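The values are calculated or read from the model by the stated rules, or taken from the named source; none is laboratory data. Computed from a predicted model, the values in this text were never measured in an experiment. We place every Cβ from the backbone using ideal geometry, glycine too, and count neighbours over all the protein chains shown. With ligands, DNA and RNA removed, areas are computed over all heavy atoms of the protein, side chains included. Shrake-Rupley method; radii C 1.70, N 1.55, O 1.52, S 1.80 Å.
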Amino acid sequence: MSARYVHTCIRVRDIDAATEFYGRLGFEHRGQLNFKSAYNVYMGLPNDGDVLELTVNVGRKEAYDLGEGYNHLGLVVEDLDGLLASLAEAGIEPEKPPYAPGGREEYRICFVADPDGYRIELIERH
């Protein structure tokens, strides 16, 4: 049996805020699928598939319980400092400044949260 990773789905309340946030991370809007009480917006990175599915439950006002199991999505970026400057223009700040985990200088990471509180790990490799 063979398998291939296709996408991650997260539930969001404000699709405009979510698509603007993920657009700043380099994701492109690829399409939408409508249902009676919900709709999905599909996003992907250049030269990649539709790897992110944003589900909106129409009429939902309260925040989703992210639970203890979810931790983060990981995204490799070319210019971490440039991306953080762009995010800062939109009022998005990292949890703490970028750092080299375990003192490993070949890469730096930091975490940001999307409008619904999902953590995104930004990874810059040298």
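Structural remarks
- Sole exception among (1) open to solvent by 60 Å² or more (accessible area, probe 1.4 Å); (2) in a loop (DSSP other than H, G, I, E, B); (3) modelled with pLDDT of 95 or more for PRO94, by number: (1)
- Per the listing GLY82, GLY59, the residue uniquely at positive phi and either free of Cβ contacts under 8 Å to residues at least 60 places away in the same chain or assigned to a loop (DSSP other than H, G, I, E, B) (or both) is GLY59.
- Residues of region 9-28 that are farther than 22 Å from GLY82 by Cα and open to solvent by 40 Å² or more (accessible area, probe 1.4 Å): CYS9, ARG11, ARG13, ASP14, ASP16.
- Residues of region 85-121 that turn out to be closer than 14 Å to ARG24 by Cβ and out of contact with any strand residue (DSSP E or B) (no Cβ under 7 Å at 6 or more places or on another chain), as a count: 8
- Condition check for ASP65: surrounded by 17 or more Cβ atoms within 10 Å (Cβ to Cβ) and either assigned to a loop (DSSP other than H, G, I, E, B) or small (Gly, Ala, Ser) (or both): no
- Tally of residues being open to solvent by less than 90 Å² (accessible area, probe 1.4 Å), assigned to a strand (DSSP E or B) and out of contact with any helix residue (DSSP H, G or I) (no Cβ under 9 Å at 6 or more places or on another chain) across region 29-43: 6
- Close pairs (8 angstrom Cβ cut-off, 6 or more residues apart or separate chains): within 22 Å of ALA85 (Cβ to Cβ) and open to solvent by 30 Å² or more (accessible area, probe 1.4 Å) in region 104-118, of a type in the set (Gly, Ala, Ser) and assigned to a loop (DSSP other than H, G, I, E, B) anywhere: TYR107/ALA100; ARG108/ALA100
- Conditions (1) surrounded by 10 or more Cβ atoms within 10 Å (Cβ to Cβ); (2) at pLDDT below 95; (3) charged (D, E, K, R); (4) touching a His at 6+ places or on another chain (Cβ under 8 Å); number of the one not met by GLU53: (2)
- HIS72 without any contact (Cβ under 8 Å) to a residue 24 or more places away in the chain and more than 13 Å from LEU25 (Cα to Cα): no
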